[in-house]
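Novice: Sharing a structure, written as structure tokens. Questions coming.
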Amino acid sequence: MRPPLYTNVTESGLASPAMVIDVVFMTTTFVSLHALSVEDGAMLFEDQLGEPTGGSNGGYGYCIGPAVCGDYVVAGAPVFGGDGSVLRIYGIKPGRGGSATT
């Protein structure tokens, strides 16, 4: 089993985690959303939303959220390049692990 979080030395958790069914969602300074099993802490899903801004666009590396509404989890972040920001909505499939899709 791979380590669930903090495999990047500069990564740290942000905001309060959100729980849906049997999955904990949390965001990190690596501009990522992670989904962890409540049962054993195993990593179920990880999505890096983009590259940290490095100080441009008002931030260094953070992901806003997670926010939960019904069967959806939302996360967003200022990111390097493109239009400077990203917002993703993930659908949650019921069942063990409540897998997320974008």
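Novice: With the condition being modelled with pLDDT of 65 or more, among the polar types (S, T, N, Q) and out of contact with any helix residue (DSSP H, G or I) (no Cβ under 8 Å at 6 or more places or on another chain), I'd like the strands (runs of 3 or more DSSP E) fully within the chain carrying at least 2 qualifying residues. I'd like the intermediate steps shown before the answer.
Specialist: Values: elements: 13-20, 23-28, 32-37, 43-48, 64-69, 72-78, 85-92.
In the chain, the matching strands (runs of 3 or more DSSP E) lie at 23-28, 32-37.
Novice: Pull out all pairs, ordered by first then second residue, where Cβ-Cβ is under 6 Å, the residues are six or more apart or on different chains, the first lies in the stretch 29-41 and is surrounded by fewer than 21 Cβ atoms within 10 Å (Cβ to Cβ), and the second is aromatic (F, W, Y).
Specialist: Qualifying pairs under 6 Å: T29/Y62.
The values are calculated or read from the model by the stated rules, or taken from the named source; none is laboratory data. A quick note: this is a predicted structure, and the numbers were derived from the prediction, not measured. Cβ sites come from the backbone with ideal geometry, for glycine too, and all protein chains shown count toward neighbours.
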